[in-house]
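Below is one structure, written out as C-alpha cells; the observations come after it.
The values are calculated or read from the model by the stated rules, or taken from the named source; none is laboratory data. Note that the structure is a prediction, hence the values are computed from the model and not measured. In this analysis, Cβ positions are derived from the backbone assuming ideal geometry, glycine residues included, and neighbour counts consider all displayed protein chains. Quick note on the areas: whole protein, heavy atoms, side chains included, nothing else; ligands and nucleic acids left out. Shrake-Rupley method; radii C 1.70, N 1.55, O 1.52, S 1.80 Å.
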Amino acid sequence: MKQDHAVFLMLPVMVASAFFISFWGRNAEALGQGDMGLALVFSFAVPLSFYASVALVVVAFIGLIVAWRRLRPVRLWLAALLIALLPPMFLALIDLM
C-alpha cells in the first residue's frame, strides 16, 4: 500500500473516532456531566464529525467507482467507505430504537 493512499484510510478512522468519543463524552460522568463547557464542545463536535463522515462517504464512494472502472485494487476504497459509514449507520440505528 502506498503512503499517500494510507493517509486517506486514516482520515475516516480519525473522523469516526472523533464522532464516537464526542458522542460518548458529552454525557460521560467524568467529562460532560461534570463540566458544561466540555459538554458544549462535545455537543458541537458530534454534528461536525458526522458531516465530515458523510463527506468522506461520498469521496470514498467516488474513489471506489473510479478504481473499479480502471481495474485497480478497491480494498482501500472499500475499507475507507465502510469506516466512514460507521457514524451515519450508528445514528440511524439510534434513531430506529
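The figures follow:
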| read-out | value |
| --- | --- |
| Span-rule helices in the chain, defined as complete DSSP H runs reaching 27 Å or more along the axis (Cα) with Kyte mean at least -0.5 | 3-25, 36-69 |
| Charge tally in the Cβ shell below 13 Å around SER43, where Lys, Arg are +1 and Asp, Glu are -1, SER43 excluded | 0 |
| Rg over Rh [alpha-carbon atoms, Kirkwood Rh] for the chain | 1.09 |
| Share of carbon and sulfur in the accessible heavy-atom surface of the chain [1.4 Å probe, %] | 73 percent |
| Accessible surface, segment 5-97, averaged per residue in Å² (probe 1.4 Å) | 68 Å² |
| Range in the chain, longest, excluding exposed trypsin sites (Lys or Arg not before Pro) [loop by DSSP; at most 15 other beta-carbon atoms within 10 Å] | 3-69 |
